[in-house]
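Report on one structure; see the data block that follows.
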Amino acid sequence: MAPIPGSGLAKGLAVTLRTMTRKTVTEQYPDAQPDLPPRTRGVIGLFEENCTVCMLCARECPDWCIYIDSHKETVPAATPGGRERSRNVLDRFAIDFSLCMYCGICIEVCPFDALFWSPEFEYAETDIRDLTHERDKLREWMWTVPAPPALDPGAEEPKEIAAARKTAEKLAAQQTPPATEPHADEQARTAEGPTRAQGDSPQQTDQPGTAPQPKQEGRE
């Protein structure tokens, strides 16, 4: 069946009319802050303690807007006779947000969870050079990163949390002294102490340092 001539124009005019009769909603920004979704891509925060200077984020960045400098340090052996090891120490970590396209590839490829999205977006500058955030400023953005969503009730416990919990339980078990059997001390004291004759009262028991008193016979 051939379309009716002018049906497309009629549908377009219908959409326009519905939009014109709909009440407009104006957000009073900046007096009222917008309610942003938790996964908003605002700015990138750096958790420096997790960074191993693997350079994976800088290599995968399509805009080459991540700058990383580092040097190697020698770590002494942990045990006698062991060998020394070398590790990378981060000197500079900067992101040029004037070049960033907010694709999130650097956050996805980071194997150690050192980069996070923050919903903050109010960091415009009058000088384009100020849009290059060094690692100190990137660390400050971490305070604005929202907490991760809660796991589903039937989800498995994360491997990191399970390993940490098992280690804590093992250390607590090693520090707890072994429990003794109930009344073991009382049984030991009873076995070591002198036996008391049956029928004797505590007053008749000989006390150390006192001579036994003779019994008085009754007169006829």
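Here, each number is a calculation from the coordinates, and none is a lab measurement. Bear in mind that the values here come from a model prediction, so they are computed numbers and not experimental data. Here the Cβ is made from the backbone with ideal geometry for all residues, glycine too, and neighbour counts use every protein chain on show.
Evaluate E = 1/(1 + (r/R0)^6) for ARG39 and GLU157, where r is the Cβ-Cβ distance and R0 equals 35 Å; express this FRET efficiency to the nearest 0.05.
0.90
Sorted by mean Cβ packing within 10 Å, highest first, what order do the peptides 66-74, 19-27 take?
Numbers: 66-74: 12.7, 19-27: 6.9.
Packing proxy ranking, top to bottom: 66-74, 19-27.
Quote the FRET efficiency, to the nearest 0.05, computed for ALA168 versus ARG18 with a Förster distance R0 of 45 Å and r equal to the Cβ-Cβ distance.
Numbers: r = 60 Å, r/R0 = 1.34.
After rounding to 0.05, the efficiency reads 0.15.
How long is segment 44-143 along each principal axis, judged by its Cα atoms, biggest number first, in Å?
Cα extents, longest axis first: 57, 23, 22 Å.
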